[in-house]
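J.: One structure, pasted below without further comment.
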Amino acid sequence: MKLYDQHMHTNFSYDSKEELENYLNLNDKFIVTTEHFDTSNPVTKKDDIPDYAAYAKRIDELNQVYNNRLLKGVEVGYVKEDVARINAYLADKDFDVKLLSVHHNGTYDYMDEEVADMSPEQIIPEYYSSMLDAIEAIPSANVLAHFDYGVRVLPIDIDTFKKLAEPYLIPLFQKTIEHQLAFEVNAKSMWKYGNEVLYEYAIPLYLAQGGKLFSIGSDAHSVEDYESHFSDAIALLKKHGVNDVVVYQKGKAIRVEI
């Protein structure tokens with residue numbers, strides 16, 4: 001089994017225009033897209049729910065041409081008030097991998113400009129408490145995605161981050177391990193948003209709690225970002241003694257040596 005990107009989007013997500021087949025034409029590996037599922041989205045002012053029937057139909061069509069290399073995925077955006085709806089949507093659908101994210105709180109997305117002017121003392125407890133709740137609330141998830149999303153736009157140094165976040169991150173990582181979720185090394189977070197230092201801190205913290213499962217994703221919204229900085233992500237993991245990651249098929253973790 002070859003390592004492949006486990007965090008990508010197409011035009012089945014509200015914020016991408018990419019076609020599924022364009023990823024398939026890049027190489028001969030498995031391809032999985034993780035389409036956004038964000039209810040009560042403050043960015044678009046509506047529910048952004050993938051059309052699963054159309055998505056599955058298109059995948060079936062392409063798999064007849066591309067040797068069954070295309071898998072199904074979803075990026076589940078947790079919203080406390082919508083948990084029942086979220087789990088109802090997921091219950092009868094066949095996804096190979098489910099990423100779990102916290103993108104917003106129903107009022108603002110954590111990457112909105114207004115968040116940059118908010119206090120880290122407010123945002124960090126709010127964001128990581130929501131992420132901890134999400135793990136319990138969405139039990140079918142496989143991967144905890146971009147743990148740093150909530151602080152991407154905050155002007156914060158690593159020492160302040162450690163002081164404010166660590167009391168939340170330790171129980172968060174313990175819960176991640178308890179529920180057998182993989183910790184996502186998100187290349188976009190590290191090298192587009194400059195949060196490599198946060199991953200340098202968080203990876204050994206996760207390992208110290210007994211964490212063993214890692215996933216790598218580019219968070220690509222176009223083919224230009226497919227597997228972006230994967231070699232750097234692999235080097236970072238190896239630096240901390242990690243020699244394999246997991247990919248998911250039919251919800252089951254498969255270890256891949258890096």
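The values are calculated or read from the model by the stated rules, or taken from the named source; none is laboratory data. Predicted model only: the values in this text are computed from it and were never measured. We place every Cβ from the backbone using ideal geometry, glycine too, and count neighbours over all the protein chains shown.
J.: Can you tell me which of Asp15, Asp28 is farther than 27 Å from Thr107 by Cβ, in contact (Cβ under 8 Å) with a residue 12 or more places away in the chain and either among the basic types (Lys, Arg) or surrounded by fewer than 20 Cβ atoms within 10 Å (Cβ to Cβ) (or both)?
T.: From the options Asp15, Asp28, the qualifying one is Asp28.
J.: Check Glu126, Glu61 and return the single one that is surrounded by fewer than 18 Cβ atoms within 10 Å (Cβ to Cβ), over 22 Å from Leu181 (Cβ atoms) and among the charged types (D, E, K, R).
T.: Just a single option satisfies the conditions, and that option is Glu61.
J.: Could you pull out the residue among Asn11, Asn68 that is at positive phi and either in a loop (DSSP other than H, G, I, E, B) or at pLDDT below 95 (or both)?
T.: Only one candidate passes the filter, namely Asn68.
J.: Here's another thing I want to ask about it. Any residue in the stretch 151-179 that's touching a residue at least 60 places away in the same chain (Cβ under 8 Å) and within 23 Å of His104 (Cβ to Cβ): show its pairings with residues that are among the charged types (D, E, K, R) and surrounded by 18 or more Cβ atoms within 10 Å (Cβ to Cβ) at Cβ separation under 9 Å, as long as the two are six or more apart or on different chains.
T.: Between residues of the stretch 151-179 that are touching a residue at least 60 places away in the same chain (Cβ under 8 Å) and within 23 Å of His104 (Cβ to Cβ) and residues that are among the charged types (D, E, K, R) and surrounded by 18 or more Cβ atoms within 10 Å (Cβ to Cβ), there is no close pair.
J.: Residue by residue through the stretch 2-23, note down the ones that are more than 17 Å from Thr44 (Cα to Cα), among the acidic types (Asp, Glu) and touching a His at 6+ places or on another chain (Cβ under 9 Å).
T.: If the condition is that a residue be more than 17 Å from Thr44 (Cα to Cα), among the acidic types (Asp, Glu) and touching a His at 6+ places or on another chain (Cβ under 9 Å), then Glu18 is the only one that fits.
J.: When you scan the stretch 151-169, how many residues do you find that are out of contact with any Ser or Thr (no Cβ under 8 Å at 6 or more places or on another chain), part of a helix (DSSP H, G or I) and crowded, with 17+ Cβ neighbours inside 10 Å?
T.: 5
J.: Of all residues in the stretch 186-201 being assigned to a helix (DSSP H, G or I), over 15 Å from the mean Cα position of the chain (by Cα) and not β-branched (Val, Ile, Thr), which is surrounded by the most Cβ atoms within 10 Å (Cβ to Cβ)?
T.: Leu198
J.: What number goes with the only condition from (1) surrounded by fewer than 19 Cβ atoms within 10 Å (Cβ to Cβ); (2) closer than 20 Å to His103 by Cα that Thr33 does not pass?
T.: Tallying (1) surrounded by fewer than 19 Cβ atoms within 10 Å (Cβ to Cβ); (2) closer than 20 Å to His103 by Cα, Thr33 fails exactly one: (1).
J.: Just one of Tyr127, Tyr89 is modelled with pLDDT of 95 or more and either more than 18 Å from Ser189 (Cβ to Cβ) or in contact with a strand residue (DSSP E or B) (Cβ under 8 Å, 6 or more places away or on another chain) (or both); which is it?
T.: Answer to the check: Tyr89.
J.: Have a look at Phe95, Phe147 and point out the one that is over 18 Å from Phe173 (Cβ atoms), surrounded by 15 or more Cβ atoms within 10 Å (Cβ to Cβ) and not charged (D, E, K, R).
T.: None of the others qualify; the one that does is Phe95.
J.: Kindly check whether there is at least one residue in the stretch 174-185 that is closer than 22 Å to Ser13 by Cα, at pLDDT 95 or above and buried (at least 20 other Cβ atoms within 10 Å of the Cβ).
T.: Taking every residue of the stretch 174-185 in turn, at least one turns out to be closer than 22 Å to Ser13 by Cα, at pLDDT 95 or above and buried (at least 20 other Cβ atoms within 10 Å of the Cβ).
J.: For the subset of the stretch 202-253 comprising residues that are aliphatic (A, V, I, L, M) and loosely packed, with under 13 Cβ neighbours inside 10 Å, which member is farthest from the chain's Cα centre (by Cα)?
T.: Ala208
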